[in-house]
Structure formats: C-alpha cells, structure tokens
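Step one of this worksheet: look at the structure below.
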Amino acid sequence: MKQGDYFKKSNCRICESESLKRVVELTPTPPGNNFLKKEEIGNEEREYPLELYFCRDCYHIQLGHVVDPSFLFQNNYTYVSGTSSVFVEHLKNYADYVVNLFNIKPNSLIVDIGSNDGTCLKHFKDLGMNVLGIDPAEEITKIASSRGIETINDFFSESLARDIVKDYGKAKLITSHNACAHIDDLGGVIAGVEALLDDDGIFIMEVGYFVDVFENKWFDTIYHEHLDYHTVNPLDKLFHRFNMELFRVERVSPQGGSIRVMSQKKSGPHTKDTSVNKLISLEKELGLTQSKTLHNFEHQINQVRDAFIELISNLKKEGKSIAAFGAATKATTLIFHFQIEKEDIDFIVDENPLKQNVYSPGKHIPVYSAEKIYDEKPDFLVILAWNFAEAIMKNHKKYSDLGGSFILPMPDPKIVRNQ
C-alpha cells in the first residue's frame, strides 16, 4: 500500500508469506539520520510509523512500513564507519580473522555490500586483496574513492552483480556489515550474492541480532533504515530459497550485539557446524517463535521509557543541566519514544564531523563537537550511543573528574558517577 514516500509492507521479506501480525508499536519519527542545517529548520519533516510485524510462518521480525530508500541513504546520509575507533578496530580484526580462517589468497576479489567509506575494504587491501565497494550514499562513496578504495555508487542487486562478474570476475568473499538489515528487496540481494560468488566463495554478513535487542530492551535499534530484525531461524530458510546454505554463525559485539552469518553455495566446500542449530534452539527457548513474546517486549520498552522520563524530570526539578552524547540514528527513536524535548536536553555532542553544527530530526536539539562538554560543563551527560558507552566514559574521564555524571538510558536507566 503506497502512501507517498513510504508504503506498508504486506508480505514477509524472508518467506513472502502474508501472515504478518503487528507486535510492537513505537512513536512515529522522522528518518533518524536526517539531521538538519540551521537554514533547513522550518521545512516540512514527515514522521513515519515505526511498528514491528511478526511473520507467523517463518518467525521473521520486520518493520511494517518502508520509507523511500533514496531519501534515507542518498539525502544527507552522514554515518561514516571510520569515525568510530572501536568499529575501525573491529573491522581490522575481522579482515585478519576471515583471511586466516578461510585461507583467502592474495589478489582474490573481495566485494563489500554497503561499503560506506571503505574502512573495511582498506584492511583487506592492506592484506593484498583486490577490493570493490558498493554503496548508494554518493558523498560517502567519494570519501572511499579518495582513499583509494574503488567503489560503485549504487544499490546492490542481481543485475549489478552480473555486471560486476563481467567486469571483475567472481568474488572469493562477499562481505556486508550492518547493511543487509537496510534493504527491502533482501531476496534480490541474496540472488545477487549467489550470482557474484565463486563456487568455493563465502558470503559473510554481520547484522544486529534481535536476541540481544530483546534481552537488553535495546528498542532504539528500531528505526526506518533498519527494515529487518534478524534471527538465525528465518535466515536459514532465506538462504535455502537461493541455492545457498548457512554453515556457521558467530555472535559478535558491535552494534550492541550482532551475528556474523557465514554462507556458501549449496555445492560449497564447508561443512555446516553446530552453531546454526544452537542459535535456532536458543531463539525458540526465548519464545521468539511466538508473537505474544514480542507483545510483552513492547510492555518492557514502555517501562524503561517511564523510568527514564521520571529520572530526567526529577533532575530538571533539581535545576540540573543535562546534555547528551551520540547523534546516532537510533538516538532519534529513543528521543521520540522517551518524549525528550529541547527543554530536557540542552545539546548533543558527536565525534563525527558530519554530525556537528546541525540539529536533531524533529526535535531540533543542537549538535556540537565533544569540546562543547568542557565549555558548558553540564551536570549530566546521557549516553545515547550506548553501544560505545564504555569507550565514551573512558575517553571523557576528564568530564567525570570535573564532577559530571553519565546517564545510561538502557536496559534500565541509571546514573554512573565518577569512581
């Protein structure tokens, strides 16, 4: 059902079933990454429904509404992998690990879907590989190209995959980090992977793991760019649809908890290990094959919201000043669902230069560089980028030494004072 620049998804992205049930309803938001320049404030900002639907047939969890991806990813898109030292280190370790684990030979073609600024591929290039990135965000791909990482500015698809085979040959490794949860035509991506992959090649995608979101109540990873909330059970079925199979799944730490899903063509050389079925069993034990479990998840989210609102309200009544750290996309979900206004949070700081001297979507809270913390010395700093909380508190120990305190909003809102 098309509604201007978004539409309601009527079938499951994994198995194409139309047996979908709404299980979580959050506050509608504008696109979470659409930070505004001062002169853009006052322009129309659409807010879109933010609801999770559960597939009764394959147990996949997905957003009920899809916003036009050209607006989400080709309009002032500002997420840059290289600005997070934690994530840069993760990608370097990942490249070393994968090359050693699968004995990938120098000069092999490695393709990254959603390659962003080329940070991941740079590590593979340093290991002697031929690399090619694919990303739809024009300004970000220019950054990658300037760093010597050849990048195609486009959305990945089966037709693009076949063009790449003609120009570059087959890929020994196709990789993707936190991009495959952003793509509406997920089946088309897997079909493209199957077309591009060498017969003994490997496709590895890292995506957020809904088990971690569920157990920690990290609901703010639900936003318009994230169309899917992955578990292993449905993914196993998806790959089988496209002559592929999962053979190994690892739980890894980035983005608050992710899975590294390793797959190959059904004729591939790797034996399926026990990790796949172990995680499928865990998902069943947690009740993630039942819609009532997800309904209860919504109730838990709202309990966290109410506790956070009470905490902030009490601090403001005491006359305390409050700022926030991290202008991440997920911060928009948290700010809207937690009913945070400009009167509650004086400003946000972020270390990404593209997210400085702008204003947050919808609420128009100003965003500055981290130096603003030391200029203004707020009493409290809410860590919106909670997945990097430990690194943020360590890097800004000076702030706590000066008497400031951090607030962690989830899984249970709490104040962290100077030790």
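The values are calculated or read from the model by the stated rules, or taken from the named source; none is laboratory data. Predicted model only: the values in this text are computed from it and were never measured. Backbone-built Cβ (ideal geometry, glycine too); neighbour counts: all protein chains shown.
Okay, here's what the table says:
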| item | result |
| --- | --- |
| Those residues of the stretch 308-343 which are under 26 Å from the mean Cα position of the chain (by Cα) and either part of a loop (DSSP other than H, G, I, E, B) or exposed (fewer than 15 other Cβ atoms within 10 Å of the Cβ) (or both), in sequence order | Gly326, Ala327, Ala328, Phe338, Gln339, Ile340, Glu341, Lys342 |
| Hits in the stretch 225-269 - residues which are assigned to a loop (DSSP other than H, G, I, E, B) and of a type outside the set (A, V, I, L, M, F, W, C) | Glu225, His226, Thr231, Asn243, Ser253, Gly257, Lys266, Ser267, Gly268, Pro269 |
| Whichever residue in the stretch 210-224 is within 20 Å of Val66 (Cβ to Cβ) and not in a loop (DSSP other than H, G, I, E, B) and, among such residues, is modelled with the highest pLDDT | Phe210 |
| Residues that are at pLDDT 90 or above, among the aliphatic types (A, V, I, L, M) and in a loop (DSSP other than H, G, I, E, B), drawn from the stretch 69-121 | Ile104 |
| Flag for Asn153 being surrounded by 17 or more Cβ atoms within 10 Å (Cβ to Cβ), touching a residue at least 60 places away in the same chain (Cβ under 8 Å) and either more than 26 Å from Lys105 (Cβ to Cβ) or among the polar types (S, T, N, Q) (or both) | no |
| Residue count, the stretch 365-411 (criterion: at pLDDT 95 or above, aromatic (Phe, Trp, Tyr) and closer than 20 Å to Gln339 by Cα) | 2 |
| The stretch 155-209: number of residues that are at negative phi and not in a strand (DSSP E or B) | 33 |
| Qualifying positions in the stretch 270-284 - part of a loop (DSSP other than H, G, I, E, B) and either within 19 Å of Phe210 (Cα to Cα) or touching a Leu at 6+ places or on another chain (Cβ under 9 Å) (or both) | Lys272 |
| Condition check for Gly257: among the small types (Gly, Ala, Ser), in contact with a Phe, Trp or Tyr (Cβ under 7 Å, 6 or more places away or on another chain) and closer than 30 Å to Glu47 by Cβ | yes |
| Hey, Val23 surrounded by fewer than 21 Cβ atoms within 10 Å (Cβ to Cβ), in contact with a Ser or Thr (Cβ under 7 Å, 6 or more places away or on another chain), part of a strand (DSSP E or B) and aliphatic (A, V, I, L, M) or not | yes |
